[in-house]
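As C-alpha coordinates, the structure follows; a few thoughts come after it.
The values are calculated or read from the model by the stated rules, or taken from the named source; none is laboratory data. These numbers come from a predicted model, not from an experiment. Here the Cβ is made from the backbone with ideal geometry for all residues, glycine too, and neighbour counts use every protein chain on show. The accessibility values were calculated without ligands, DNA or RNA, using every heavy atom of the protein model including side chains. Shrake-Rupley method; radii C 1.70, N 1.55, O 1.52, S 1.80 Å.
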Amino acid sequence: MGSSRGTERIRSHPSLPLVGRAARRAGRGSYDKRDGEEMTIITKAACVGGGVIGGAWAARFVLAGIDVNIFDPHPEAERIIGEVMANAERAYGMLTMAPLPPRGKLTFCKSVQEAVQDVDWIQESVPERLPLKRGVITEIDAAAKPDALIGSSTSGLLPSDLQSEMKHPERMFVAHPYNPVYLLPLVELVGGKKTSPETIRRAEEAVAEIGMKGVVIAKEIEAFVGDRLLEALWREALWLIQDDICDTETLDDVMRYSFGMRWAQMGLFETYRIAGGEAGMRHFLAQFGPCLKWPWTKFTDVVDLDDTLVEKIGAQSDAQAAGRSIRELERIRDENLVGIMQALKAGNGGEGWGAGKLLADFEKRLWAQGGNQPKSFDASGPLRLVETKVNAAWVDYNGHMTEHRYLQLFGDTSDALLRLIGVDFAYVAAGHSYYTVETHIRHLGEAKLGQALYTTLQILASDEKRIHFFTRIHDTVSGEVIATAEQMMLHVDAHAGKSVAAPAEVLEKLKPIAEGHARLGVPDGAGRHVGQKR
Ligand SMILES: CC(C)(COP(=O)([O-])OP(=O)(O)OC[C@H]1O[C@@H](n2cnc3c(N)ncnc32)[C@H](O)[C@@H]1OP(=O)(O)O)[C@@H](O)C(=O)NCCC(=O)NCCSC(=O)C[N+](C)(C)C
(Lines give C-alpha, C1' and ligand atoms only; values in the text may rest on other atoms or scores of the structure.)
Protein backbone atom coordinates (compact mmCIF):
# COMPACT_ATOMS: atom_id res chain seq x y z
CA MET A 1 0.00 0.00 0.00
CA GLY A 2 2.97 2.27 0.55
CA SER A 3 2.66 5.62 -1.12
CA SER A 4 5.17 8.34 -1.60
CA ARG A 5 2.47 10.85 -0.86
CA GLY A 6 1.28 12.05 2.54
CA THR A 7 -2.16 10.65 2.01
CA GLU A 8 -2.97 7.53 0.04
CA ARG A 9 -3.71 8.09 -3.64
CA ILE A 10 -4.83 5.26 -5.80
CA ARG A 11 -6.64 4.67 -9.04
CA SER A 12 -10.40 4.89 -9.10
CA HIS A 13 -12.69 1.90 -9.05
CA PRO A 14 -16.42 1.51 -9.61
CA SER A 15 -16.94 0.63 -5.95
CA LEU A 16 -17.52 3.21 -3.22
CA PRO A 17 -14.73 4.55 -0.98
CA LEU A 18 -13.30 2.76 2.00
CA VAL A 19 -12.08 4.79 4.94
CA GLY A 20 -9.33 4.46 7.50
CA ARG A 21 -8.81 0.94 8.76
CA ALA A 22 -11.19 -0.54 6.24
CA ALA A 23 -9.00 0.89 3.50
CA ARG A 24 -5.84 -0.40 5.13
CA ARG A 25 -7.36 -3.82 5.77
CA ALA A 26 -8.16 -3.99 2.10
CA GLY A 27 -4.47 -3.33 1.49
CA ARG A 28 -5.03 -0.09 -0.31
CA GLY A 29 -6.33 3.44 -0.08
CA SER A 30 -9.74 4.67 -1.03
CA TYR A 31 -11.60 4.31 -4.30
CA ASP A 32 -13.08 7.22 -6.15
CA LYS A 33 -16.66 7.35 -7.33
CA ARG A 34 -15.64 9.42 -10.38
CA ASP A 35 -14.23 7.26 -13.13
CA GLY A 36 -10.55 7.59 -13.88
CA GLU A 37 -9.71 10.01 -11.08
CA GLU A 38 -7.55 9.44 -8.04
CA MET A 39 -8.75 9.88 -4.49
CA THR A 40 -7.07 11.13 -1.31
CA ILE A 41 -7.81 9.53 2.02
CA ILE A 42 -6.32 9.75 5.48
CA THR A 43 -4.96 6.45 6.75
CA LYS A 44 -3.32 7.80 9.91
CA ALA A 45 -3.66 11.22 11.56
CA ALA A 46 -2.08 13.24 14.34
CA CYS A 47 -3.75 15.81 16.57
CA VAL A 48 -1.43 18.36 18.13
CA GLY A 49 -3.45 19.94 20.91
CA GLY A 50 -6.23 17.91 22.52
CA GLY A 51 -8.61 20.47 24.00
CA VAL A 52 -12.26 20.89 23.07
CA ILE A 53 -11.44 21.18 19.36
CA GLY A 54 -8.37 18.92 19.13
CA GLY A 55 -10.03 16.17 21.18
CA ALA A 56 -13.13 16.31 19.01
CA TRP A 57 -11.01 16.12 15.83
CA ALA A 58 -9.41 13.01 17.32
CA ALA A 59 -12.88 11.56 17.96
CA ARG A 60 -13.97 12.32 14.37
CA PHE A 61 -10.92 10.47 13.01
CA VAL A 62 -11.09 7.53 15.42
CA LEU A 63 -14.78 6.94 14.75
CA ALA A 64 -14.06 6.99 11.02
CA GLY A 65 -11.65 4.10 11.66
CA ILE A 66 -8.47 6.16 11.46
CA ASP A 67 -5.58 5.64 13.92
CA VAL A 68 -4.66 8.88 15.69
CA ASN A 69 -1.50 10.01 17.47
CA ILE A 70 -2.21 12.77 19.91
CA PHE A 71 0.10 15.20 21.66
CA ASP A 72 -1.04 17.57 24.37
CA PRO A 73 1.20 18.55 27.30
CA HIS A 74 -1.80 19.24 29.56
CA PRO A 75 -1.47 16.97 32.65
CA GLU A 76 -5.13 15.92 32.33
CA ALA A 77 -5.14 15.51 28.56
CA GLU A 78 -6.03 11.80 28.66
CA ARG A 79 -9.02 12.38 30.95
CA ILE A 80 -10.31 15.34 28.92
CA ILE A 81 -9.93 13.56 25.59
CA GLY A 82 -11.50 10.42 27.07
CA GLU A 83 -14.58 12.46 28.02
CA VAL A 84 -14.85 14.01 24.55
CA MET A 85 -14.45 10.54 23.03
CA ALA A 86 -17.23 9.15 25.24
CA ASN A 87 -19.58 11.96 24.17
CA ALA A 88 -18.68 11.38 20.54
CA GLU A 89 -19.34 7.65 20.76
CA ARG A 90 -22.66 8.30 22.42
CA ALA A 91 -23.60 10.76 19.66
CA TYR A 92 -22.61 8.36 16.87
CA GLY A 93 -24.65 5.62 18.54
CA MET A 94 -27.67 7.88 18.07
CA LEU A 95 -26.67 9.31 14.71
CA THR A 96 -26.48 6.28 12.52
CA MET A 97 -27.41 2.64 12.20
CA ALA A 98 -24.85 2.26 9.44
CA PRO A 99 -21.95 -0.03 10.35
CA LEU A 100 -19.15 2.22 11.51
CA PRO A 101 -15.68 0.87 10.78
CA PRO A 102 -13.72 -0.58 13.69
CA ARG A 103 -12.55 2.34 15.83
CA GLY A 104 -9.12 3.72 15.04
CA LYS A 105 -6.45 3.40 17.70
CA LEU A 106 -5.71 6.46 19.85
CA THR A 107 -2.07 6.81 20.95
CA PHE A 108 -0.88 9.48 23.38
CA CYS A 109 2.58 10.71 22.40
CA LYS A 110 5.22 12.49 24.42
CA SER A 111 6.27 15.03 21.80
CA VAL A 112 5.14 16.73 18.64
CA GLN A 113 7.87 14.87 16.74
CA GLU A 114 6.70 11.47 17.94
CA ALA A 115 3.08 12.27 17.11
CA VAL A 116 3.53 13.53 13.57
CA GLN A 117 6.37 11.57 12.02
CA ASP A 118 4.47 8.75 10.29
CA VAL A 119 1.03 10.22 9.62
CA ASP A 120 -0.80 11.55 6.57
CA TRP A 121 -2.73 14.41 8.13
CA ILE A 122 -1.75 16.58 11.09
CA GLN A 123 -4.34 18.78 12.71
CA GLU A 124 -2.96 21.58 14.87
CA SER A 125 -5.38 22.81 17.57
CA VAL A 126 -3.22 24.66 20.10
CA PRO A 127 -4.33 27.94 21.76
CA GLU A 128 -5.11 30.89 19.52
CA ARG A 129 -1.84 32.86 19.73
CA LEU A 130 0.09 33.52 16.55
CA PRO A 131 3.66 32.97 17.88
CA LEU A 132 2.61 29.73 19.61
CA LYS A 133 0.72 28.36 16.63
CA ARG A 134 3.43 29.38 14.16
CA GLY A 135 6.09 27.75 16.36
CA VAL A 136 4.14 24.50 16.68
CA ILE A 137 3.37 24.37 12.96
CA THR A 138 7.05 24.96 12.15
CA GLU A 139 7.93 22.13 14.53
CA ILE A 140 5.36 19.85 12.90
CA ASP A 141 6.75 20.76 9.48
CA ALA A 142 10.26 19.74 10.50
CA ALA A 143 9.20 16.33 11.82
CA ALA A 144 6.41 15.29 9.44
CA LYS A 145 6.75 13.48 6.12
CA PRO A 146 7.30 16.22 3.50
CA ASP A 147 4.01 15.53 1.79
CA ALA A 148 1.80 15.06 4.88
CA LEU A 149 -1.05 17.55 4.95
CA ILE A 150 -1.03 20.05 7.83
CA GLY A 151 -4.31 21.69 8.81
CA SER A 152 -4.71 24.36 11.47
CA SER A 153 -7.90 24.70 13.50
CA THR A 154 -7.31 28.43 13.98
CA SER A 155 -10.52 30.41 14.31
CA GLY A 156 -9.16 33.48 12.59
CA LEU A 157 -5.40 33.68 12.00
CA LEU A 158 -4.18 33.95 8.42
CA PRO A 159 -2.62 30.79 6.99
CA SER A 160 0.10 32.95 5.35
CA ASP A 161 1.18 34.07 8.82
CA LEU A 162 1.12 30.52 10.16
CA GLN A 163 3.15 29.01 7.32
CA SER A 164 5.78 31.78 7.07
CA GLU A 165 8.61 29.79 8.70
CA MET A 166 7.87 26.37 7.22
CA LYS A 167 10.18 24.45 4.91
CA HIS A 168 7.20 22.92 3.08
CA PRO A 169 4.53 25.60 3.38
CA GLU A 170 2.74 24.35 0.26
CA ARG A 171 1.07 21.57 2.30
CA MET A 172 -0.22 23.81 5.08
CA PHE A 173 -3.72 25.34 5.22
CA VAL A 174 -6.45 26.29 7.65
CA ALA A 175 -8.98 23.53 8.33
CA HIS A 176 -11.40 25.44 10.52
CA PRO A 177 -14.06 23.16 12.05
CA TYR A 178 -17.09 23.83 14.23
CA ASN A 179 -17.70 22.47 17.69
CA PRO A 180 -18.56 19.62 18.23
CA VAL A 181 -16.21 18.58 15.44
CA TYR A 182 -17.32 14.94 15.64
CA LEU A 183 -20.90 15.92 14.71
CA LEU A 184 -20.88 19.20 12.80
CA PRO A 185 -19.64 18.45 9.32
CA LEU A 186 -18.32 21.80 8.12
CA VAL A 187 -14.64 22.51 7.73
CA GLU A 188 -13.52 25.78 6.12
CA LEU A 189 -10.44 25.14 3.99
CA VAL A 190 -8.31 28.24 3.54
CA GLY A 191 -4.97 28.37 1.76
CA GLY A 192 -2.21 30.89 2.44
CA LYS A 193 0.04 32.59 -0.09
CA LYS A 194 2.30 29.52 -0.26
CA THR A 195 -0.37 26.79 -0.11
CA SER A 196 -0.62 24.82 -3.34
CA PRO A 197 -4.03 24.41 -4.98
CA GLU A 198 -3.30 20.67 -5.04
CA THR A 199 -3.13 20.67 -1.23
CA ILE A 200 -6.57 22.25 -0.94
CA ARG A 201 -7.99 19.80 -3.47
CA ARG A 202 -6.56 16.85 -1.56
CA ALA A 203 -7.79 18.22 1.76
CA GLU A 204 -11.29 18.60 0.37
CA GLU A 205 -11.29 14.99 -0.81
CA ALA A 206 -9.86 13.69 2.44
CA VAL A 207 -12.40 15.36 4.73
CA ALA A 208 -15.26 14.08 2.58
CA GLU A 209 -14.14 10.56 3.42
CA ILE A 210 -14.65 11.21 7.13
CA GLY A 211 -18.16 12.55 6.63
CA MET A 212 -17.23 16.24 6.56
CA LYS A 213 -18.12 19.02 4.17
CA GLY A 214 -14.99 20.87 3.09
CA VAL A 215 -15.82 24.36 1.89
CA VAL A 216 -12.99 26.08 0.07
CA ILE A 217 -12.72 29.78 0.91
CA ALA A 218 -11.55 31.68 -2.15
CA LYS A 219 -9.22 34.21 -0.42
CA GLU A 220 -7.59 34.21 2.98
CA ILE A 221 -9.12 36.71 5.34
CA GLU A 222 -9.02 36.95 9.15
CA ALA A 223 -11.77 34.82 10.71
CA PHE A 224 -12.68 33.36 7.28
CA VAL A 225 -16.45 33.21 6.60
CA GLY A 226 -18.14 31.49 9.53
CA ASP A 227 -16.40 33.40 12.28
CA ARG A 228 -16.93 36.69 10.43
CA LEU A 229 -20.67 36.05 10.49
CA LEU A 230 -20.60 34.91 14.11
CA GLU A 231 -18.55 37.95 15.07
CA ALA A 232 -21.18 40.31 13.64
CA LEU A 233 -23.94 38.52 15.52
CA TRP A 234 -21.90 38.29 18.71
CA ARG A 235 -21.15 42.03 18.70
CA GLU A 236 -24.79 42.90 18.20
CA ALA A 237 -25.82 40.45 20.93
CA LEU A 238 -23.40 42.03 23.41
CA TRP A 239 -24.91 45.44 22.74
CA LEU A 240 -28.44 44.11 23.26
CA ILE A 241 -27.45 42.71 26.67
CA GLN A 242 -25.39 45.76 27.62
CA ASP A 243 -28.30 48.07 26.76
CA ASP A 244 -30.81 45.93 28.72
CA ILE A 245 -32.87 45.25 25.59
CA CYS A 246 -33.06 41.59 26.57
CA ASP A 247 -31.23 39.01 28.70
CA THR A 248 -29.22 36.05 27.42
CA GLU A 249 -32.14 33.63 27.60
CA THR A 250 -34.48 35.92 25.66
CA LEU A 251 -31.81 36.47 23.05
CA ASP A 252 -31.23 32.72 22.69
CA ASP A 253 -35.00 32.14 22.47
CA VAL A 254 -35.27 34.68 19.68
CA MET A 255 -32.70 32.67 17.75
CA ARG A 256 -33.67 29.09 18.48
CA TYR A 257 -37.40 29.48 17.98
CA SER A 258 -37.00 31.26 14.65
CA PHE A 259 -34.16 31.94 12.27
CA GLY A 260 -31.82 29.49 14.04
CA MET A 261 -34.08 26.70 12.80
CA ARG A 262 -34.12 28.17 9.30
CA TRP A 263 -30.36 28.41 9.20
CA ALA A 264 -29.89 24.72 10.01
CA GLN A 265 -31.52 23.73 6.76
CA MET A 266 -31.07 26.67 4.40
CA GLY A 267 -28.55 29.40 4.79
CA LEU A 268 -29.10 33.12 4.72
CA PHE A 269 -29.51 33.72 1.01
CA GLU A 270 -31.72 30.76 0.16
CA THR A 271 -33.96 31.66 3.11
CA TYR A 272 -34.19 35.28 1.95
CA ARG A 273 -34.92 34.17 -1.59
CA ILE A 274 -38.05 32.46 -0.29
CA ALA A 275 -38.83 35.50 1.87
CA GLY A 276 -38.90 37.55 -1.34
CA GLY A 277 -42.00 35.63 -2.40
CA GLU A 278 -42.53 34.63 -6.01
CA ALA A 279 -40.31 37.45 -7.22
CA GLY A 280 -37.47 35.89 -5.19
CA MET A 281 -34.18 37.47 -4.22
CA ARG A 282 -34.46 40.67 -6.26
CA HIS A 283 -37.73 41.53 -4.61
CA PHE A 284 -36.27 40.76 -1.19
CA LEU A 285 -33.34 43.09 -1.86
CA ALA A 286 -35.66 45.84 -3.06
CA GLN A 287 -37.84 45.39 0.02
CA PHE A 288 -35.20 45.21 2.73
CA GLY A 289 -32.24 46.94 1.06
CA PRO A 290 -33.26 50.40 2.32
CA CYS A 291 -33.19 49.14 5.94
CA LEU A 292 -29.42 48.84 5.65
CA LYS A 293 -29.26 52.60 6.03
CA TRP A 294 -31.61 52.66 9.00
CA PRO A 295 -30.33 52.49 12.59
CA TRP A 296 -30.85 48.73 12.85
CA THR A 297 -27.41 47.85 14.16
CA LYS A 298 -24.66 48.90 16.52
CA PHE A 299 -22.22 46.17 15.67
CA THR A 300 -19.59 48.31 14.02
CA ASP A 301 -18.91 49.78 17.47
CA VAL A 302 -17.18 47.51 19.94
CA VAL A 303 -18.93 47.07 23.26
CA ASP A 304 -16.78 47.63 26.33
CA LEU A 305 -16.54 44.12 27.80
CA ASP A 306 -15.74 45.42 31.28
CA ASP A 307 -16.14 43.50 34.54
CA THR A 308 -19.72 44.70 34.99
CA LEU A 309 -20.81 43.40 31.60
CA VAL A 310 -18.91 40.14 32.07
CA GLU A 311 -20.62 39.58 35.43
CA LYS A 312 -24.03 40.51 34.00
CA ILE A 313 -23.69 38.00 31.16
CA GLY A 314 -22.19 35.39 33.48
CA ALA A 315 -25.09 35.67 35.94
CA GLN A 316 -27.76 35.57 33.22
CA SER A 317 -26.07 32.57 31.66
CA ASP A 318 -25.92 30.76 35.04
CA ALA A 319 -29.63 31.37 35.51
CA GLN A 320 -30.35 30.13 32.00
CA ALA A 321 -28.41 26.88 32.60
CA ALA A 322 -30.65 26.17 35.63
CA GLY A 323 -27.97 24.08 37.30
CA ARG A 324 -27.17 21.90 34.28
CA SER A 325 -23.48 21.06 34.03
CA ILE A 326 -21.48 21.67 30.86
CA ARG A 327 -21.39 17.89 30.24
CA GLU A 328 -25.20 17.72 30.54
CA LEU A 329 -25.58 20.64 28.15
CA GLU A 330 -23.18 18.96 25.74
CA ARG A 331 -25.29 15.82 25.77
CA ILE A 332 -28.50 17.78 25.17
CA ARG A 333 -26.78 19.68 22.36
CA ASP A 334 -25.56 16.45 20.76
CA GLU A 335 -28.98 14.80 20.96
CA ASN A 336 -30.57 17.84 19.34
CA LEU A 337 -27.95 17.99 16.60
CA VAL A 338 -28.45 14.31 15.87
CA GLY A 339 -32.22 14.86 15.67
CA ILE A 340 -31.74 17.77 13.26
CA MET A 341 -29.39 15.80 11.04
CA GLN A 342 -31.73 12.82 10.98
CA ALA A 343 -34.65 15.06 10.07
CA LEU A 344 -32.57 16.61 7.29
CA LYS A 345 -31.63 13.14 6.07
CA ALA A 346 -35.29 12.50 5.38
CA GLY A 347 -35.71 15.91 3.71
CA ASN A 348 -36.12 16.70 0.03
CA GLY A 349 -38.40 13.75 -0.61
CA GLY A 350 -36.05 11.29 1.06
CA GLU A 351 -32.99 12.41 -0.91
CA GLY A 352 -31.59 14.25 2.09
CA TRP A 353 -30.88 17.97 2.37
CA GLY A 354 -27.82 19.92 3.49
CA ALA A 355 -26.11 18.23 6.42
CA GLY A 356 -28.69 15.41 6.16
CA LYS A 357 -27.70 14.67 2.56
CA LEU A 358 -24.09 14.51 3.67
CA LEU A 359 -25.05 12.04 6.39
CA ALA A 360 -27.04 9.94 3.93
CA ASP A 361 -24.07 9.80 1.55
CA PHE A 362 -21.68 8.93 4.38
CA GLU A 363 -23.99 6.11 5.47
CA LYS A 364 -24.20 4.78 1.92
CA ARG A 365 -20.43 4.49 1.87
CA LEU A 366 -20.42 2.75 5.24
CA TRP A 367 -23.01 0.24 4.10
CA ALA A 368 -21.22 -0.31 0.82
CA GLN A 369 -17.93 -1.05 2.51
CA GLY A 370 -19.58 -3.77 4.53
CA GLY A 371 -18.66 -2.75 8.04
CA ASN A 372 -19.87 -5.37 10.43
CA GLN A 373 -21.98 -7.14 7.81
CA PRO A 374 -21.29 -10.88 8.17
CA LYS A 375 -19.60 -12.36 5.14
CA SER A 376 -20.99 -15.77 6.03
CA PHE A 377 -23.90 -16.63 8.26
CA ASP A 378 -25.19 -19.53 10.24
CA ALA A 379 -28.68 -20.45 9.07
CA SER A 380 -29.08 -23.12 11.75
CA GLY A 381 -30.79 -20.45 13.86
CA PRO A 382 -32.41 -17.05 13.34
CA LEU A 383 -29.94 -14.53 11.84
CA ARG A 384 -28.63 -11.96 14.30
CA LEU A 385 -28.60 -8.84 12.12
CA VAL A 386 -28.75 -5.49 13.93
CA GLU A 387 -27.13 -4.28 17.15
CA THR A 388 -28.22 -0.93 18.56
CA LYS A 389 -29.01 1.11 21.64
CA VAL A 390 -32.21 3.02 22.39
CA ASN A 391 -31.29 6.65 21.80
CA ALA A 392 -32.93 9.72 23.24
CA ALA A 393 -34.77 10.62 20.05
CA TRP A 394 -36.55 7.24 20.18
CA VAL A 395 -38.09 7.70 23.63
CA ASP A 396 -41.63 9.05 24.03
CA TYR A 397 -43.49 10.79 26.87
CA ASN A 398 -43.97 7.41 28.61
CA GLY A 399 -40.21 7.11 28.97
CA HIS A 400 -39.77 4.12 26.66
CA MET A 401 -39.06 3.46 22.99
CA THR A 402 -41.95 4.75 20.93
CA GLU A 403 -43.79 2.57 18.45
CA HIS A 404 -42.54 3.87 15.11
CA ARG A 405 -38.96 3.25 16.25
CA TYR A 406 -39.82 -0.45 16.55
CA LEU A 407 -40.84 -0.42 12.92
CA GLN A 408 -37.62 1.41 12.08
CA LEU A 409 -35.65 -1.34 13.77
CA PHE A 410 -37.64 -4.03 11.97
CA GLY A 411 -37.02 -2.22 8.69
CA ASP A 412 -33.29 -1.98 9.42
CA THR A 413 -33.33 -5.72 10.05
CA SER A 414 -35.07 -6.56 6.78
CA ASP A 415 -32.61 -4.23 5.02
CA ALA A 416 -29.78 -6.24 6.58
CA LEU A 417 -31.32 -9.48 5.26
CA LEU A 418 -31.69 -7.91 1.83
CA ARG A 419 -28.03 -6.91 1.75
CA LEU A 420 -27.11 -10.49 2.67
CA ILE A 421 -28.93 -11.78 -0.39
CA GLY A 422 -27.42 -9.17 -2.70
CA VAL A 423 -30.21 -6.58 -2.69
CA ASP A 424 -28.01 -3.56 -2.01
CA PHE A 425 -27.92 0.06 -3.23
CA ALA A 426 -26.60 -0.97 -6.64
CA TYR A 427 -29.35 -3.55 -7.02
CA VAL A 428 -32.02 -1.00 -6.13
CA ALA A 429 -30.46 1.61 -8.42
CA ALA A 430 -30.73 -0.92 -11.27
CA GLY A 431 -34.50 -0.93 -10.83
CA HIS A 432 -35.54 -3.81 -8.57
CA SER A 433 -36.12 -4.14 -4.86
CA TYR A 434 -38.19 -5.79 -2.16
CA TYR A 435 -41.12 -3.87 -0.68
CA THR A 436 -42.87 -4.70 2.59
CA VAL A 437 -46.57 -5.35 2.03
CA GLU A 438 -47.72 -6.54 5.45
CA THR A 439 -46.54 -6.20 9.07
CA HIS A 440 -47.85 -7.47 12.39
CA ILE A 441 -45.99 -6.13 15.45
CA ARG A 442 -46.32 -7.40 19.03
CA HIS A 443 -44.93 -5.42 21.98
CA LEU A 444 -43.97 -7.80 24.79
CA GLY A 445 -41.68 -5.65 26.94
CA GLU A 446 -40.36 -2.12 27.23
CA ALA A 447 -37.10 -0.69 25.88
CA LYS A 448 -35.63 2.18 27.88
CA LEU A 449 -33.17 4.95 27.01
CA GLY A 450 -29.67 3.57 26.49
CA GLN A 451 -30.80 -0.08 26.56
CA ALA A 452 -28.76 -2.31 24.24
CA LEU A 453 -30.84 -4.28 21.74
CA TYR A 454 -30.24 -6.76 18.96
CA THR A 455 -32.53 -8.25 16.35
CA THR A 456 -32.88 -11.75 14.91
CA LEU A 457 -34.71 -12.75 11.77
CA GLN A 458 -36.19 -16.09 10.80
CA ILE A 459 -37.57 -16.84 7.36
CA LEU A 460 -40.92 -18.59 7.64
CA ALA A 461 -41.50 -19.18 3.93
CA SER A 462 -40.34 -17.88 0.60
CA ASP A 463 -40.88 -18.27 -3.12
CA GLU A 464 -39.72 -16.43 -6.20
CA LYS A 465 -41.70 -13.30 -5.30
CA ARG A 466 -42.27 -13.48 -1.54
CA ILE A 467 -40.25 -13.51 1.65
CA HIS A 468 -42.36 -14.19 4.73
CA PHE A 469 -40.31 -13.68 7.88
CA PHE A 470 -40.39 -13.22 11.63
CA THR A 471 -38.16 -10.71 13.45
CA ARG A 472 -37.51 -10.46 17.16
CA ILE A 473 -36.06 -7.49 19.06
CA HIS A 474 -34.08 -8.75 22.07
CA ASP A 475 -32.58 -7.13 25.12
CA THR A 476 -28.84 -7.64 24.61
CA VAL A 477 -28.04 -8.48 28.23
CA SER A 478 -30.84 -10.92 29.04
CA GLY A 479 -31.77 -12.06 25.52
CA GLU A 480 -35.42 -11.45 26.48
CA VAL A 481 -37.71 -10.81 23.50
CA ILE A 482 -39.11 -7.28 23.67
CA ALA A 483 -41.04 -7.19 20.41
CA THR A 484 -41.72 -9.30 17.35
CA ALA A 485 -42.81 -8.55 13.80
CA GLU A 486 -44.18 -10.92 11.22
CA GLN A 487 -43.75 -9.43 7.77
CA MET A 488 -44.16 -10.12 4.09
CA MET A 489 -41.94 -8.60 1.43
CA LEU A 490 -42.56 -8.80 -2.31
CA HIS A 491 -39.88 -8.55 -4.97
CA VAL A 492 -40.79 -5.70 -7.30
CA ASP A 493 -39.87 -4.05 -10.54
CA ALA A 494 -39.69 -0.53 -9.12
CA HIS A 495 -40.15 1.19 -12.48
CA ALA A 496 -43.28 -0.80 -13.31
CA GLY A 497 -44.54 -0.68 -9.70
CA LYS A 498 -45.42 -4.39 -9.96
CA SER A 499 -44.26 -7.52 -8.23
CA VAL A 500 -42.01 -9.78 -10.32
CA ALA A 501 -39.98 -12.93 -9.68
CA ALA A 502 -36.56 -12.28 -8.13
CA PRO A 503 -33.59 -13.25 -10.32
CA ALA A 504 -31.79 -16.55 -9.82
CA GLU A 505 -28.74 -14.99 -8.11
CA VAL A 506 -30.92 -13.50 -5.36
CA LEU A 507 -32.97 -16.69 -4.94
CA GLU A 508 -29.77 -18.76 -4.70
CA LYS A 509 -28.55 -16.64 -1.79
CA LEU A 510 -31.94 -16.79 -0.13
CA LYS A 511 -32.29 -20.56 -0.48
CA PRO A 512 -29.79 -21.81 2.15
CA ILE A 513 -31.20 -19.40 4.74
CA ALA A 514 -34.78 -20.43 3.99
CA GLU A 515 -33.83 -24.11 4.08
CA GLY A 516 -32.00 -23.75 7.39
CA HIS A 517 -34.87 -21.82 8.91
CA ALA A 518 -37.48 -24.31 7.70
CA ARG A 519 -36.02 -26.73 10.24
CA LEU A 520 -36.61 -24.33 13.14
CA GLY A 521 -40.34 -24.71 13.42
CA VAL A 522 -42.91 -21.94 13.62
CA PRO A 523 -42.02 -19.36 16.29
CA ASP A 524 -44.37 -18.63 19.13
CA GLY A 525 -46.45 -15.65 18.06
CA ALA A 526 -46.26 -16.20 14.30
CA GLY A 527 -49.64 -16.21 12.56
CA ARG A 528 -51.36 -14.22 15.30
CA HIS A 529 -53.98 -11.62 14.59
CA VAL A 530 -55.16 -8.76 16.76
CA GLY A 531 -57.96 -9.84 19.08
CA GLN A 532 -56.72 -13.39 19.64
CA LYS A 533 -56.32 -14.45 23.28
CA ARG A 534 -52.68 -14.74 24.32
C1 LIG B 1 -45.84 -3.22 -6.04
C2 LIG B 1 -46.60 -3.86 -4.89
C3 LIG B 1 -45.61 -4.29 -3.79
C4 LIG B 1 -47.26 -5.13 -5.38
O5 LIG B 1 -48.22 -4.78 -6.30
P6 LIG B 1 -48.76 -5.87 -7.36
O7 LIG B 1 -47.68 -6.25 -8.29
O8 LIG B 1 -50.03 -5.33 -7.92
O9 LIG B 1 -49.00 -7.09 -6.41
P10 LIG B 1 -50.25 -8.01 -6.19
O11 LIG B 1 -51.19 -7.41 -5.24
O12 LIG B 1 -50.75 -8.47 -7.51
O13 LIG B 1 -49.54 -9.19 -5.46
C14 LIG B 1 -48.52 -9.92 -6.09
C15 LIG B 1 -48.49 -11.29 -5.49
O16 LIG B 1 -48.17 -11.19 -4.11
C17 LIG B 1 -49.22 -11.67 -3.31
N18 LIG B 1 -49.38 -10.84 -2.13
C19 LIG B 1 -49.61 -9.54 -2.11
N20 LIG B 1 -49.69 -9.12 -0.84
C21 LIG B 1 -49.50 -10.21 -0.07
C22 LIG B 1 -49.47 -10.40 1.32
N23 LIG B 1 -49.64 -9.38 2.17
N24 LIG B 1 -49.27 -11.62 1.78
C25 LIG B 1 -49.09 -12.66 0.93
N26 LIG B 1 -49.08 -12.55 -0.41
C27 LIG B 1 -49.30 -11.31 -0.89
C28 LIG B 1 -50.45 -11.59 -4.19
O29 LIG B 1 -51.43 -12.52 -3.79
C30 LIG B 1 -49.86 -11.93 -5.54
O31 LIG B 1 -49.65 -13.32 -5.61
P32 LIG B 1 -49.61 -14.11 -7.01
O33 LIG B 1 -49.30 -15.51 -6.62
O34 LIG B 1 -50.97 -13.93 -7.58
O35 LIG B 1 -48.55 -13.44 -7.83
C36 LIG B 1 -47.68 -2.90 -4.34
O37 LIG B 1 -48.50 -3.65 -3.47
C38 LIG B 1 -47.10 -1.75 -3.61
O39 LIG B 1 -46.43 -0.89 -4.20
N40 LIG B 1 -47.33 -1.69 -2.32
C41 LIG B 1 -46.75 -0.67 -1.46
C42 LIG B 1 -45.45 -1.17 -0.86
C43 LIG B 1 -44.88 -0.18 0.10
O44 LIG B 1 -44.79 0.99 -0.18
N45 LIG B 1 -44.48 -0.66 1.27
C46 LIG B 1 -43.95 0.12 2.31
C47 LIG B 1 -42.46 0.25 2.09
S48 LIG B 1 -41.52 -0.16 3.51
C49 LIG B 1 -40.31 -1.19 2.92
O50 LIG B 1 -40.42 -1.66 1.86
C51 LIG B 1 -39.22 -1.46 3.89
N52 LIG B 1 -38.02 -2.11 3.36
C53 LIG B 1 -38.28 -3.49 2.83
C54 LIG B 1 -37.36 -1.32 2.33
C55 LIG B 1 -37.11 -2.27 4.51
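Counting only DSSP beta bridges with both residues in the chain, what percent are antiparallel, rounded to the nearest 5? Around 65 percent of the beta bridges assigned by DSSP in the chain are antiparallel ones. For the chain, the longest principal axis of the alpha carbon atoms and the long axis of helix 403-420 meet at an angle near 80°. Dipole size of segment 160-293 about its Cα centre, with +1 on Lys/Arg Cβ and -1 on Asp/Glu Cβ: approximately 640 debye, rounded to the nearest 20. Surface composition of the chain: carbon and sulfur make up 56 percent of the accessible area, probe 1.4 Å. Shape of segment 376-518 from the C-alpha gyration tensor: prolate (a/c of 1.5 or more and a/b above b/c, with a ≥ b ≥ c the square roots of its eigenvalues). Of the GluC sites (Glu not before Pro) in segment 140-190, the ones in a loop by DSSP (not H, G, I, E or B) with at most 14 other beta carbons within 10 Å are E165. Projecting the Cα atoms of A319, L490, S164 onto the charge dipole of the chain, computed from C-beta unit charges around the Cα centre, puts L490 farthest toward the positive end.
Taking each of K167/K194; K213/K345; K167/K213 in turn, the alpha-carbon distance tops 21 angstrom for K167/K213. The listed peptides 404-414, 204-214, 329-339, ordered by packing as a protection proxy, come out as 204-214, 404-414, 329-339 (highest mean of other Cβ atoms within 10 Å first). Selection among A208, M97, V119 by position relative to the dipole of segment 44-222 gives M97 as farthest towards the positive end (Cβ unit charges, Cα centre). Packing, taken as the mean count of other beta carbons within 10 Å per residue, orders the peptides 39-45, 274-280 from highest to lowest as 39-45, 274-280. Angle of helix 197-208 to the longest C-alpha principal axis of the chain, folded into 0 to 90 degrees and rounded to 10: 40°.
Seen against the Cα atoms of the chain and their longest principal axis, helix 226-242 is set at about 70 degrees.
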